[in-house]
Ligand code: AMP
């Protein structure tokens, strides 16, 4: 396992790997890695010859009032986990490497990024697309793996890659959950035990919607109402949105189309903002 912190070193290495005909897989992360991330690394290792995991808490995707400063950073533990999961390189640059003084170019997808997360976090996806485009240019991957947990991010990246004709295969890995259903997230560590219990209502609401669809209920308003009702039983859960959308465009849907519809939830648990979703 090699740790790379400089952009030019990463570019040279990517160039060498490509010249020698090796398929490069990239897994972009912000670190504080859990099994959900490691599953992406394993998937990348199955499909590529060399796997680069980027560990970069990207300042441009956080708004000034968000948790950039307190976001967990634990590179040593991340290195050990990535080694075990089959990564070959960790790219862990400093923010000043990625955004040197005077940096002024940003990229925004303007359709898929607008609803849901785009409403409460209007600058978030601009930061995500900018950093992912930078990582693609620096690491030159043949494929890049993202998680379904961040469904809108996955859709935005797909659209960016299609629109800008990046020659990168975007692979989406399923959401990994704790045994009790809570979607794994680096932010779960902010939850106290009692908040965590209330947070379980998010996955329960999603699973209930899945069961309703299995029983034949396809109407968006019924599914959204039931999911919202489950969330509303918890005092410290503040719903930001519960929405049935097209998983590719993020546009609202009136009825479930199997495999295309996604029920997406975002909620505040006191000061912790959680998102989760299920494909119906
Ligand atoms: P993050 O470090 O939170 O930016 O996440 C890095 C990548 O891991 C993103 O593509 C996420 O969608 C993915 N990811 C995060 N949590 C999970 C999870 N529970 N299951 C699957 N993928 C995940």
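Each reported figure results from applying straightforward, stated rules to the coordinates on display, with no laboratory input. Since this is a predicted model, take the numbers as computed values, not measurements. So basically every Cβ, Gly included, is an ideal-geometry build from the backbone, and we count neighbours across all protein chains shown.
Between residue 169 and residue 187, the distance separating the two model label sites (each 7 Å from Cα on the Cα→Cβ line) works out to 3.2 nm.
Label zone (residue 271, point 7 Å along Cα-to-C-beta; backbone nitrogen cut-off 14 Å) within the range 192-234: 192.
With the simple spin-label model, which puts each label point 7 Å out from Cα in the Cβ direction, the residue 94 to residue 120 separation comes to 3.5 nm.
Once you keep just the Cα pairs under 8 angstrom separated by 6 or more residues, what percentage relative contact order results for the range 113-244? Can you show the working numbers first?
On the way: 108 pairs, mean separation 22.1, N = 132.
For the range 113-244, the relative contact order is 17 percent.
For the range 115-135, the residues whose backbone nitrogen is under 20 Å from a point 7 Å from the Cα of residue 63, taken along Cα to Cβ, are 115-131.
As a calculated quantity, the FRET efficiency between residue 225 and residue 177 at R0 = 25 Å, using C-beta atoms, amounts to about 0.55. Between the alpha-carbon centres of the range 183-206 and the range 90-137 there is a gap of 27 Å. Counted by neighbouring Cβ atoms within 10 Å, the residues 130, 123 run from fewest to most as 123, 130. Rounded if a/c is under 1.5, else prolate if a/b is larger than b/c, else oblate: which is the range 1-98, with a ≥ b ≥ c the root eigenvalues of its Cα gyration tensor? Because a/c hits 1.5 or more and a/b fails to exceed b/c, the range 1-98 counts as oblate. For the chain, the longest principal axis of the Cα atoms and the long axis of helix 35-47 meet at an angle of about 50 degrees. Entry note, the chain: the mean residue ellipticity at 222 nm calculated from DSSP H runs of n ≥ 4, each adding -39500 (n - 2.57), is -12000 deg cm²/dmol after division by the residues and rounding to the nearest 500.
So if we plug the beta-carbon distance of residue 239 and residue 108 into 1/(1 + (r/R0)^6) with R0 = 41 Å, what FRET efficiency do we get, rounded to 0.05? Kindly include the intermediate steps, with their values, before the conclusion.
Details: r = 27 Å, r/R0 = 0.65.
So, using R0 = 41 Å, E works out to roughly 0.95.
Taking the alpha carbon gyration tensor of the chain, multiplying each eigenvalue by 5 and rooting it gives semi-axes of 32, 20, 18 Å, largest first.
Considering only Cα atoms, the convex hull volume of the range 134-205 works out to 107 Å³ per residue. Here the residues 189, 222, 273, ranked from fewest to most Cβ neighbours within 10 Å of their Cβ, fall in the order 189, 222, 273. The angle between the Cα long axis of helix 193-214 and the main principal axis of the chain comes to about 70°, on a 0 to 90 degree scale.
Taking 0.36 nm per residue of separation and subtracting the current Cα-Cα distance, fully stretching the chain between residue 8 and residue 194 would add 62.3 nm. In the range 55-202, one over the average inverse separation of all distinct C-alpha pairs is 17.1 Å, which is the Kirkwood hydrodynamic radius. When only Cα pairs below 8 angstrom with a gap of at least 6 residues are kept, the chain shows a relative contact order of 17 percent.
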